[in-house]
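Chemist: One structure coming up, written as structure tokens, with questions to follow.
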Amino acid sequence: MKILTAALSAAALLAAAGCGGGSGSGASSSGPIDLRMTIWSANAKHLALFDQIAAGYKKDHPEIGKITFESIPFDSYTTTLTTQIGGGNVPDLAWIFESNAPDFVSSGALEPIDKDPDLVPSTTTNWEKDGKLYAYPFSTSPLGVFVNTDLVKAAGRPAPAQQIASGTWTWDEAAKTAAAVQAKTGKGGLVVGDFDYKGWDTLNAIWSGWGARPWSKDGKSCQFDQPQMVDAMTFVHKLIFTGKGMPGPGITKDFFAGDSSMVLTQISRAALLEKAKFHWDLVPLPKGPAGAYSVVGQAGIGVFKRGKHADAAKQFLTYFSNAQNSAKLAEFFPPPRKSELNAATLAKANPLLKPAQLDSVVVKGIENGTIKPSHTGYAELQQTVRAALDPLWKPDADVKTVLSGVCSKINPLLAK
């Protein structure tokens, strides 16, 4: 209930954040300018890189005092951020999920920023309004499939790379492999990263292969009850309860610990395979009934109008996101820049991945992929859909009936 209450108030808090202005960028008699950026990573390597970039900026900007990167837990990030804003503790800059982009961009809470012509057009669409850019898409990460090729081989199934070469890498074949691994090795088959029967929107990595959408392109009507979504979710339901190729509710299988044969996730997770004790591969998402496709997860960095030093924050963001620093960030966050979107450049920052893997999953994914779902009022929608989908995660569920129920719950929200 607390989560939903916070979700309902998020839009109001953001609207309040758009009122009034910051205190400018000049150092005052009170001392140097301190900047704060909220982030959802506590990864030591990420933080070390951010601090390195900040130190480089401070060398040429003596007016800057401290630049702090405040880590907020991933699961409560947006709720905590909007609570800070509502309480007057507005950060200067913040990471923003792609799903929350419409709320932040439309609220007037963010400062417009300069749009670098080197940015790939598809990476900025989510962050634009009336021709202006309101956040820098610092991480544009296509989803791929990491494969434990040892488990696939033990199950007597062809490796996905072989199926790609023969044109048979489809969702039906992936399901057969997942089921075979579970049946013959006892390990997990296919895991959808960050799903855990809560993050329903992560299933976008599957249903997009059927051409399904949670709501219409204009965001005004539910499409969970449409044939494409019913077929896609029927496939997922059978994968879980009939083929046993996907861990069921309450069952955890960690791919990176060798407990499952495949995981759908972003390439930034490759770092977890540095000391893997099994052979692995990275391949594009399987073809679905609608053909080949790719899905992109994204995060932006925005500057708040009501931050204490909005102008200084914009200047720091320009430096943080320039070509030189973007190349450094590419080790963890796939860049949105045309000049850096090639396998050779990405390979320098991602030594664990082969150029062919980077080209097929990252380069082509960013160029052709669709961004994960977003909508104004997303936090409330997310919680409502999650609750409405709960009856689906039972062996005897009527998929079509459950999905119709989802639409009955969210159509009033979409119409707001």
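Chemist: Roughly to the nearest percent, how much of the accessible area of the chain is carbon and sulfur, given a 1.4 Å probe? If you can, show how the numbers build up before the last one.
Modeler: On the way: 9520 of 18030 Å².
Its accessible area is 53 percent carbon and sulfur atoms.
Chemist: How large is ³J(HN,Hα), in whole Hz, for each residue of the range 225-237 in order, when computed from phi with the Karplus curve 6.51 cos²θ - 1.76 cosθ + 1.60 and θ = phi - 60°, using x for Gly and Pro?
Modeler: 8, 7, x, 4, 6, 4, 5, 5, 6, 5, 4, 4, 4
Chemist: Quick one: compute the contact order of the chain, relative version, from alpha carbon pairs under 8 angstrom and 6+ residues apart, as a percent. Mind dumping the intermediate values first?
Modeler: Working: 784 pairs, mean separation 109.1, N = 416.
It comes to 26 percent, rounded to a whole number.
Chemist: Taking the range 161-205, which trypsin sites (Lys or Arg not before Pro) meet the DSSP loop condition and have no more than 15 other C-beta atoms within 10 Å?
Modeler: Counting only loop positions with at most 15 other Cβ atoms within 10 Å, the trypsin sites (Lys or Arg not before Pro) in the range 161-205 are K198.
Chemist: Taking only Cα atoms and a 10 Å spring cutoff, compute GNM fluctuations for the chain and point out the largest among S268, S374, S166.
Modeler: Evaluated over the chain, the most mobile residue of the options is S166.
Chemist: If you add up the charges near F255, with Lys and Arg at +1 and Asp and Glu at -1, over every other residue whose beta carbon is less than 11 angstrom from its beta carbon, what do you get?
Modeler: Overall, the nearby charge balance is +1.
Chemist: If you plug each phi of the range 65-82 into the Karplus form 6.51 cos²θ - 1.76 cosθ + 1.60 with θ = phi - 60°, what whole-Hz ³J(HN,Hα) values come out, in order, with x for Gly and Pro?
Modeler: x, 9, 10, 9, 10, 8, 7, 10, x, 3, 5, 10, 4, 5, 4, 5, 4, 5
Chemist: Same structure, new question: Which one, A212, T252, V361, is farthest towards the positive end of the dipole of the chain when Lys and Arg carry +1 and Asp and Glu -1 on their Cβ?
Modeler: Toward the positive end, the furthest listed residue is T252.
Chemist: Leaving out ligands and nucleic acids, and using a 1.4 Å probe, what accessible area per residue does the chain come to in Å²?
Modeler: In whole numbers, the chain has 43 Å² accessible per residue.
Chemist: Taking K416 as the anchor, which aspartates and glutamates have their alpha carbon closer than 17 Å to its alpha carbon, excluding any fewer than eight residues away along the same chain?
Modeler: D103, D218, E380
Chemist: Loop only by DSSP, 11 or fewer other Cβ within 10 Å of the Cβ. Give me the trypsin sites (Lys or Arg not before Pro) in the range 240-295 that pass, ordered by residue number.
Modeler: Loop-located and lightly packed - K275, K277.
Chemist: How large is the charge dipole for the range 201-306, taken about the Cα centre, if only the Cβ atoms of Lys, Arg (+1) and Asp, Glu (-1) carry charge, to the nearest 20 debye?
Modeler: 260 debye
Chemist: Separate question: Say we join alpha carbon atoms closer than 10 Å with springs in a Gaussian network model of the chain; which of L273, L285, L143 then has the biggest fluctuation?
Modeler: Between L273, L285, L143, it is L273 that shows the largest mean-square fluctuation.
Chemist: Over the range 215-277, what relative contact order in percent results from Cα pairs under 8 Å that are six or more residues apart?
Modeler: Values: 28 pairs, mean separation 9.2, N = 63.
Contact order relative to length: 15 percent.
Chemist: Also, I was wondering about something else. Pull up all non-local amide H partners of V191: gap of 5 or more, or a different chain, and H-to-H distance under 5 Å with H placed in the peptide plane.
Modeler: M262, V263, L264
Chemist: Separate question: My understanding is that a pair violates if its Cα-Cα distance is over 29 Å; which of K328/K354; K287/K328; K59/K364; K176/K253; K238/K277; K253/K394 do that in this structure?
Modeler: Result: K287/K328; K59/K364; K238/K277 exceed 29 Å.
Chemist: Return the long-range amide H neighbours of G377 (sequence gap of 5 or more, or a different chain), with a cut-off of under 5 Å between placed amide H atoms.
Modeler: Under 5 Å from the amide H of G377 lie the amide H atoms of D103, each far enough along the sequence or on another chain.
Chemist: Also, quick follow-up: HN-Hα J couplings of the range 281-286 from phi, Karplus 6.51/-1.76/1.60, θ = phi - 60°, integer Hz, Gly and Pro as x?
Modeler: 9, 10, 9, x, 4, x
The values are calculated or read from the model by the stated rules, or taken from the named source; none is laboratory data. The model shown is predicted, which means the values in this text are computed figures rather than measured ones. Ideal geometry is used to build each Cβ from the backbone, glycine not excepted, and the neighbour counts take in all protein chains shown. Surface areas here come from the heavy atoms of the whole protein model, side chains and all, with no ligands, DNA or RNA. Shrake-Rupley method; radii C 1.70, N 1.55, O 1.52, S 1.80 Å.
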